[in-house]
Amino acid sequence: MGVANFGGQFRLAIEGTTGDHTHRSQPWFEAYLAVLFESDGEQLVEKIKLARKLVMTREREELGQQETAVERTDLNKASYALQALQLRQL
């Protein structure tokens, strides 16, 4: 895994990933990455709340729609990780 800087925007590069990753430009994924790279504890709490809200919104949008298995997997992983980070902040 690595981070690349493209025109001032950071993108996560995950080695060995395959499949459709177009969801990585979605707001929920960008907010999730912002949480992972936040070092300020106060800002982290707010960013976790926002990212969890965006993940849950995207999960609701996908109900009844055909989602990609890759996005579903990434949503699940992000949801669990954000919950764990939020609990750690308590």
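Condition check: of a type in the set (Lys, Arg), loosely packed, with under 15 Cβ neighbours inside 10 Å and modelled with pLDDT under 95. Does residue 58 satisfy that? The answer is no for residue 58.
Starting from residues that are at pLDDT 90 or above and over 10 Å from the mean Cα position of the chain (by Cα), keep the ones in segment 64-83 and report whichever is surrounded by the most Cβ atoms within 10 Å (Cβ to Cβ).
Keep residues of segment 64-83 that are at pLDDT 90 or above, which gives 74-83.
Subsequent filtering for residues that are over 10 Å from the mean Cα position of the chain (by Cα) retains 80, 83.
Working: 80: 10, 83: 13.
Taking the candidates together, the pick is 83.
Among the residues of segment 18-54, those identified as β-branched (Val, Ile, Thr) and within 16 Å of residue 83 (Cβ to Cβ) are 35, 45, 48.
Counting only residues that are part of a loop (DSSP other than H, G, I, E, B) and under 22 Å from residue 88 (Cβ atoms), which one in segment 32-63 is nearest to the chain's Cα centre (by Cα)?
For segment 32-63, the residue satisfying everything is 37.
Taking interchain pairs and intrachain pairs at least six residues apart, which have beta carbon atoms under 7 angstrom, with the first residue in segment 65-90 and assigned to a helix (DSSP H, G or I) and the second surrounded by 13 or more Cβ atoms within 10 Å (Cβ to Cβ) and at pLDDT below 90? These pairs meet every condition: 70/21; 71/23; 74/23; 75/59. Residues of segment 40-79 that are more than 19 Å from residue 21 (Cβ to Cβ) and among the hydroxyl-bearing types (Ser, Thr, Tyr): 57 alone.
The values are calculated or read from the model by the stated rules, or taken from the named source; none is laboratory data. These numbers were taken from a predicted model, which means no experiment stands behind them. Heads up, the Cβs are rebuilt from the backbone with ideal geometry, glycines too, and the neighbour counts pull from every protein chain shown.
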